[in-house]
Amino acid sequence: MKRLEKFFAAIIYLIPIVLSAQNLQILIKTDSLAQTESYTCKVASGEFSLEVYLNDLNKGIIRYRYTGNHSLKEQLPVLKELLATVLKKNQQTKFHTFAWGRLNDTHNKDYTMAVRLAKAAFQSQLWNSQTGKSVNGNINFFVKNTARQMNIFAELKELFSPFGFSVDIASVEKVLVLPADKLPFSDSLPDDIPKKARLPFDCQLWFSLTANR
């Protein structure tokens, strides 16, 4: 009996939705065991997924996962369709957090925000590119403030604005630093950045969502 209950608790429901505007198909999967609901769209060049949490502890969080090579700007059309579906199906949920994950994701070859962060750090007087440390000693605080001031997440503001949300950086964790010539996007950096300049390029990133109404 317990085995049957566990089996039924783990059943995942698939609901195909065809979006005529973009000719996209979104699959909604509800995992009652993990208490999550994912909205996934697969295209020839990658896979997009937004995941929401159904339990009280994490309710209000949207998590993004992407596998592919498109730039953040190029991802927006599909992301907007996914987000519209999420918000329509969860009208009673007050979303407050957008979980991005790591800037340097092994499955996501888009380095838009990571490149902006590295460039901004090199230009900042509050970053020591020789030691690879923040002048004030708090690297999480430095990355959070620099990312906010340099607006490295402009595309996310563009994504959420039509839906009535303001976006800001809520939390930064687990910052990684490497010499410029060792970065996965070293070819995208300006020539004036020395190869051995130690720069932040990766971190765990959380954004806050505030409803403008």
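Cβ-Cβ below 8 Å, separation at least six or inter-chain, first residue in the stretch 162-185 and not assigned by TED's automatic domain parsing to the domain that holds ALA211, second of a type in the set (Phe, Trp, Tyr): which pairs?
none
Output the residues belonging to the stretch 185-213 that are within 19 Å of the chain's Cα centre (by Cα) and surrounded by 15 or more Cβ atoms within 10 Å (Cβ to Cβ).
Result: PHE185, PRO200, PHE201, ASP202, CYS203, GLN204, LEU205, TRP206, PHE207, LEU209.
If I ask for residues that are under 15 Å from the mean Cα position of the chain (by Cα), small (Gly, Ala, Ser) and over 10 Å from ASN108 (Cβ atoms), which ones from the stretch 39-76 would you list?
If the condition is that a residue be under 15 Å from the mean Cα position of the chain (by Cα), small (Gly, Ala, Ser) and over 10 Å from ASN108 (Cβ atoms), then SER49, SER71 are the ones that fit.
Which residue pairs have Cβ atoms closer than 9 Å, lie 6 or more positions apart in sequence or on different chains, and pair a first residue in the stretch 117-146 that is closer than 12 Å to VAL172 by Cβ with a second residue that is at pLDDT below 95?
LEU117/LEU103; PHE142/ASN136
Go through the stretch 60-77 and count every residue that is of a type in the set (Val, Ile, Thr) and modelled with pLDDT of 95 or more.
Summing the residues that are of a type in the set (Val, Ile, Thr) and modelled with pLDDT of 95 or more in the stretch 60-77 gives 2.
Within the bounds of the stretch 102-110, is there any residue that is part of a strand (DSSP E or B) and over 19 Å from TRP206 (Cβ atoms)?
No, because not a single residue in the stretch 102-110 is part of a strand (DSSP E or B) and over 19 Å from TRP206 (Cβ atoms).
The values are calculated or read from the model by the stated rules, or taken from the named source; none is laboratory data. For clarity, every value in this text was computed on a predicted model and none was experimentally measured. Because the Cβ atoms are built from the backbone with ideal geometry, glycine has one as well, and the counts that use them run over all protein chains shown.
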